[in-house]
Amino acid sequence: MYDRAIMCRLEDRDNNNNKKKRRFAIGLKKFGEIRVEKLKSSINARSSSPRMKVWLIRATTMVILWTCVVQLTAIGDSWGPRVLKGWPSCFTTHSAAVFDVKLLQDVPVKVLPPKRVYKNNGYLVVSCNGGLNQMRSAICDMVAIARYLNVTLIVPELDKTSFWADPSEFEDIFDVDHFITSLRDEVRILKQLPPRLRKRVELGIVHTMPPVSWSDISYYHNQILPLIQKYKVVHLNRTDARLANNGQPLDLQKLRCRVNFNALRFTTQIEELGRRVVNLLRQNGPFIVLHLRYEMDMLAFSGCTQGCNDEEVEELTRMRYAYPWWKEKIINSDLKRKDGLCPLTPEETALTLKALDIDRDIQIYIAAGEIYGGKRRMDSLAEAYPKLVRKETLLGPADLQYFQNHSSQMAALDYLVSLESDIFVPTYDGNMAKVVEGHRRFLGFKKTILLDRKVLVELIDKYTSGILSWDDFSGAVKDTHAQRMGAPTKRLVMPDRPKEEDYFYANPEECLQPLDDEPVAIL
């Protein structure tokens, strides 16, 4: 009975509470209706006046703006560095605000060229072959070809199987992002193929071929473009000298220059180290860069053995036969030297520099790898010019540790120093000599002594045999090279003999100051 009485009391209490809640809800509803009606009537009354409308708009705008300011101030600590950088506020001093504005002004704004819009005809994959500068000029050619075929170029693959066996990727040597973005108004370049096509290539389902050397752009339109349209992807597995030097559209020639002189920028690490070497050299006055191409691979390839002993000749011969793509095997070194087709030896180089009256006390930077024969072959040059330096003597081991066993990165460093030198002297007209020569022309025809090796070896032999006195020898050397100092000139054009004519990248005259003379041609 007691429990039942308690239960009844609880039920009565709940019923009373529910009644109170209902009465409160009804009252609240009526109160809300009354307020809404009053608000409506108030708004209607106010809206009847045009002035009141304007006042409402202004008040509402001010409230919204003030709310935004309050919200931005509240989140200023977390988002300020990204959103409000450089803007003064009540929480920053005047000097701090001015400092931030100055920082913003000092940051260069990189303006990207607009993307060129075109119908993509397919994808071009290229594998470059050779050393750094042979690959450099090939990359320029491939960009120009991709542009004129309206295809997408995949960032070129560098040679890792040649004599140098350098494992460097494109991005280890060149600024790949700058390469892509700086050319976006000409051609679309991707770091890799789209996934579906990449899978096909990885499975070996791709059309691979070497293009014909020294080809006109019409060859690529007529022969290569249909293959790209058919297979969607074409892989060119050789790129050296695959585009003709002459007879190409002016815009194509200028694009080759643009890639070479602007788009192919070395990585920050390489450029900073190059500037450091140049600064170290400049501290001691002017300097010459001597591209002494007396290295083992060049001697083996060319068959030039002047000054080598029997053991060295045998070693170089074995090496030449070990590389099947070096087609010429039986070589007469003496005949080749007399034809001017051999790099000058260190001994011949010393005589030539002295004959040209190069100051004995000038710094000479050796832009080369290991000289074949080492100290024994370098003694005469070091005696004549005691201020011989190399990157290895200017920099410490720690500076070059990331470049060891990366010959292309080492060559990039030499390339930068060569561009900045007061005089550049190549002892052989290989790829580096030619590309640096052209780049120095582009930089204002900086002095480059282009040695006439055929004349030089004849004069040297006459001097060493006693036929010529030193004065006669020196005078003849100076006369021979008076017009071979990198001054403006026309490219030598030899139709049907492209290997013997002047290389486009050694004298890209279409991109240089115009000359009034007619093109030089040998028919």
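Of all residues in the range 344-375, count the ones that are modelled with pLDDT under 95 and either over 22 Å from Ser418 (Cβ atoms) or small (Gly, Ala, Ser) (or both).
Count: 5.
Out of curiosity, is Ser182 closer than 23 Å to Asn129 by Cβ and touching a residue at least 12 places away in the same chain (Cβ under 8 Å)?
no
What residue, among those in the range 155-185 that are outside any loop (DSSP other than H, G, I, E, B) and of a type in the set (Phe, Trp, Tyr), is farthest from Arg258 (Cα to Cα)?
Only one residue tops the list, namely Phe170.
Take the conditions open to solvent by 40 Å² or more (accessible area, probe 1.4 Å) and in contact with a strand residue (DSSP E or B) (Cβ under 9 Å, 6 or more places away or on another chain) and apply them to Thr464. Does it pass?
Judged against the criteria, Thr464 is not a match.
How many residues are among the charged types (D, E, K, R), in a helix (DSSP H, G or I) and under 14 Å from Ala506 (Cα atoms) when one looks only at the range 437-474?
Just the residues of the range 437-474 that are among the charged types (D, E, K, R), to begin with: 437, 440-441, 446-447, 452-454, 458, 461-462, 471-472.
If we keep only those that are in a helix (DSSP H, G or I) too, we end up with 437, 440-441, 453-454, 458, 461-462, 471-472.
Then drop every residue that is not under 14 Å from Ala506 (Cα atoms), which leaves 437, 440-441.
Number of matching residues: 3.
Just checking, which of Gly247, Gly204 is without any contact (Cβ under 8 Å) to a residue 12 or more places away in the chain, small (Gly, Ala, Ser) and on the phi > 0 side of the Ramachandran plot?
Working: Gly247 fails: without any contact (Cβ under 8 Å) to a residue 12 or more places away in the chain.
Only one candidate passes the filter, namely Gly204.
Could you tell me which of the residues Leu197, Leu264, Leu236, Leu225 is under 20 Å from the mean Cα position of the chain (by Cα) and aliphatic (A, V, I, L, M)?
Leu264
Report, by residue number, each residue of the range 231-244 that is out of contact with any strand residue (DSSP E or B) (no Cβ under 8 Å at 6 or more places or on another chain) and either of a type in the set (A, V, I, L, M, F, W, C) or without any contact (Cβ under 8 Å) to a residue 12 or more places away in the chain (or both).
Answer for the range 231-244, where residues must be out of contact with any strand residue (DSSP E or B) (no Cβ under 8 Å at 6 or more places or on another chain) and either of a type in the set (A, V, I, L, M, F, W, C) or without any contact (Cβ under 8 Å) to a residue 12 or more places away in the chain (or both): just Ala241.
Can you go through Lys478, Lys499, Lys490, Lys434 and tell me which one is under 20 Å from Gln248 (Cβ atoms), in contact (Cβ under 8 Å) with a residue 12 or more places away in the chain, open to solvent by 30 Å² or more (accessible area, probe 1.4 Å) and in a helix (DSSP H, G or I)? Explain how you work it out, then say what you get.
Numbers: Lys478 fails: under 20 Å from Gln248 (Cβ atoms); Lys499 fails: in a helix (DSSP H, G or I); Lys490 fails: in a helix (DSSP H, G or I).
Just one listed residue meets the conditions, Lys434.
Which of the residues that make up the range 403-435 are of a type in the set (Ser, Thr, Tyr) and over 20 Å from Phe163 (Cα atoms)?
Across the range 403-435, the qualifying residues are Ser418, Ser421, Thr427.
Tally the residues that are outside any loop (DSSP other than H, G, I, E, B), open to solvent by less than 10 Å² (accessible area, probe 1.4 Å) and either out of contact with any helix residue (DSSP H, G or I) (no Cβ under 8 Å at 6 or more places or on another chain) or among the β-branched types (Val, Ile, Thr) (or both), restricting the search to the range 415-431.
The qualifying residues number 2.
Of the conditions (1) open to solvent by 40 Å² or more (accessible area, probe 1.4 Å); (2) β-branched (Val, Ile, Thr); (3) under 30 Å from Arg275 (Cα atoms), Val455 fails just one. Which one is it?
(3)
So, in the range 274-321, exactly how many residues are within 30 Å of Phe174 (Cβ to Cβ) and either among the acidic types (Asp, Glu) or free of Cβ contacts under 8 Å to residues at least 12 places away in the same chain (or both)? Walk me through it before giving the result.
The first filter runs over the range 274-321 and keeps only residues within 30 Å of Phe174 (Cβ to Cβ), leaving 274-283, 286-302, 319.
If we keep only those that are either among the acidic types (Asp, Glu) or free of Cβ contacts under 8 Å to residues at least 12 places away in the same chain (or both) too, we end up with 279, 282-283, 295, 297.
Of the residues in the range 274-321, 5 are within 30 Å of Phe174 (Cβ to Cβ) and either among the acidic types (Asp, Glu) or free of Cβ contacts under 8 Å to residues at least 12 places away in the same chain (or both).
Name the pairs whose Cβ atoms lie under 6 Å apart, with the first residue in the range 403-414 and surrounded by 22 or more Cβ atoms within 10 Å (Cβ to Cβ), the second modelled with pLDDT of 95 or more and among the aromatic types (Phe, Trp, Tyr), and 6 or more positions between them or separate chains?
Ala412/Phe266
In the range 267-298, which residues are among the hydrophobic types (A, V, I, L, M, F, W, C), over 14 Å from the mean Cα position of the chain (by Cα), modelled with pLDDT of 95 or more and over 14 Å from Met432 (Cβ atoms)?
Across the range 267-298, the qualifying residues are Leu273, Val277, Val278, Leu280, Leu281, Phe287, Ile288.
Going by the structure shown, is Leu299 assigned to a helix (DSSP H, G or I) and either buried (at least 20 other Cβ atoms within 10 Å of the Cβ) or not hydrophobic (A, V, I, L, M, F, W, C) (or both)?
Working: assigned to a helix (DSSP H, G or I): yes; either buried (at least 20 other Cβ atoms within 10 Å of the Cβ) or not hydrophobic (A, V, I, L, M, F, W, C) (or both): yes.
So Leu299 passes the test.
Listed here are the residues, each with its yes/no results for (1) in contact (Cβ under 8 Å) with a residue 12 or more places away in the chain; (2) under 30 Å from Tyr428 (Cβ atoms); (3) surrounded by fewer than 17 Cβ atoms within 10 Å (Cβ to Cβ).
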{"residue": "Arg136", "(1), (2), (3)": "yes, yes, no"}
{"residue": "Asp172", "(1), (2), (3)": "yes, yes, no"}
{"residue": "Asp177", "(1), (2), (3)": "no, no, yes"}
{"residue": "Leu190", "(1), (2), (3)": "yes, no, yes"}
{"residue": "Val212", "(1), (2), (3)": "yes, yes, yes"}
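When you go through Ile358, Ile331 one by one, which is the residue that is within 30 Å of Arg275 (Cβ to Cβ), β-branched (Val, Ile, Thr) and either in a strand (DSSP E or B) or open to solvent by less than 70 Å² (accessible area, probe 1.4 Å) (or both)?
Values: Ile331 fails: within 30 Å of Arg275 (Cβ to Cβ).
Criteria check complete, one pass: Ile358.
The values are calculated or read from the model by the stated rules, or taken from the named source; none is laboratory data. Fair warning: this is a prediction, and the values are worked out from it, not measured in the lab. Every residue, glycine as well, gets a Cβ built from its backbone with ideal geometry; the counts of neighbours run over all protein chains shown. Note: accessible area is taken over every heavy atom of the protein model, side chains too, but ligands, DNA and RNA are not part of it. Shrake-Rupley method; radii C 1.70, N 1.55, O 1.52, S 1.80 Å.
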